[in-house]
Structures are given as C-alpha cells and as structure tokens.
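Read-outs throughout are calculated quantities, based only on the coordinates presented, and are distinct from any laboratory measurement. These figures come from a predicted structure and were not determined experimentally. Cβ: placed from backbone, ideal geometry, glycine included. Neighbour counts: every protein chain shown.
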Amino acid sequence: MSFIQENLLLVVVFIASGAMLAWQVFGARLSKMKPITTLGVTRLINSANPVLLDLREAKEYEGGSLPNAVHIPLSQLKERAGELGKLTSRPLVAYCERGQRTRGAVATLAALGFRDMYHLAGGIRAWKEAGLPVVRA
C-alpha cells in the first residue's frame, strides 16, 4: 500500500494509459460504424449499392471524391441530415481525408435510421493509394 501512496502519479498514469488502450480495442467493436477497407468498399459497391458519404470540407472535396458520393461536410451534417432520409435502407460508407473524422457522424446517422454503417479505413487517401477511381467535382 505504501508503494501506491508514494507513487500515486505513476499509478494514475498507468491506469489512464490502460484505459485508453482498452478503449481503442473495445470501443471500435462497440461502435455502430464498422471500419471497412478499400477492397470491402469495392465489393459493397458491386453488391449492395451503398450510400457513399463524403464528410470532407469543400476545399478537400475539390481534390476529387469516390464515384457517386454524396458530399455533406461533417460541419453541416446535422443541418443537412434530411438529404439522407430516404437512403436509410441502404448500407452507408462514410469517409473523410484520412478516416479520422467519420466517427463524429455516427450519432447523427444512427438517429436518421442508418443501421448498416461503415467508415473507410484510411479515408480517401487509402482509396487513392490503392489506385481506385476518383471523380473531380
């Protein structure tokens, strides 16, 4: 017990870092939005006609997007969510530049009624690096 008292800061750091690691492992599994690779997206496009949702801001979008993607910047998603209302029966693949911002859209998309949601791992950068088609705005 004296070790804990003498090294309280070390113990707190140990517990906090363990919790962060656990969240990365288990949090992704609990998320309503599952990661999907570029190959997975290609298969989904060929089999299930998913909604491809580009969440990047306008300047980023000018560099090109996935074919037939719907562009609604993450910053405008709550205001423009109604545009997706009729598409909730289809699978949804959300993406941004690197795949980090898409998780911020989960609650809004789930509230709309989307149940089969994915986020493109690595974002559009991974898509481009795989040599897959990009259309210019």
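Note on Thr42 and Glu6: the model spin-label points, each 7 Å out from Cα along the C-beta direction, lie 6.0 nm apart.
Put simply, the amide H of Val51, placed in the peptide plane, has neighbours under 5 Å in Leu92, Val93, leaving out anything fewer than 5 places away on its chain. Note on Leu132 and Lys34: with the Förster distance fixed at 22 Å, the Cβ-Cβ geometry gives a FRET efficiency of about 0.65. Between the Cα long axis of helix 8-22 and the first principal axis of the chain there is an angle of about 30°, rounded to the nearest 10.
In order along the stretch 122-127, the phi-based Karplus estimate (6.51 cos²θ - 1.76 cosθ + 1.60, θ = phi - 60°) of 3J(HN,Hα) comes to x, x, 5, 4, 5, 4 Hz; Gly and Pro are listed as x. Considering only Ala105, Ala58, Ala121, the Gaussian network model of the chain with Cα springs below 10 Å gives its largest mean-square fluctuation to Ala58. The sum of -39500 (n - 2.57) across all DSSP H runs of n ≥ 4, divided by the residue count of the chain, sets its helix-only mean residue ellipticity at 222 nm to -10000 deg cm²/dmol. Cα axis of helix 38-48 to longest principal axis of the chain: angle in degrees, 0 to 90, nearest 10? So the helix axis and the longest Cα principal axis differ by about 50 degrees.
As a quick test, which of the pairs Lys78/Lys128; Lys34/Lys128; Lys32/Lys78 have an alpha carbon distance above 26 angstrom in this structure? Going by Cα-Cα distance, Lys78/Lys128 fall outside the 26 Å limit. In whole percents, the pair-distance distribution calculated for the chain from its alpha-carbon pairs, binned every 10 Å from zero, is 11, 38, 27, 11, 8, 5, 0. With θ taken as phi - 60° and the Karplus curve 6.51 cos²θ - 1.76 cosθ + 1.60 applied, the whole-hertz 3J(HN,Hα) list for the stretch 101-114 is 7, 4, 5, x, 9, 4, 4, 5, 5, 5, 5, 6, x, 5 Hz, x standing for glycine and proline. Rounded to the nearest Å, what's the spacing between the alpha carbon centres of the stretch 37-86 and the stretch 93-132? Just the number, please. Cα centres, the stretch 37-86 to the stretch 93-132: 8 Å.
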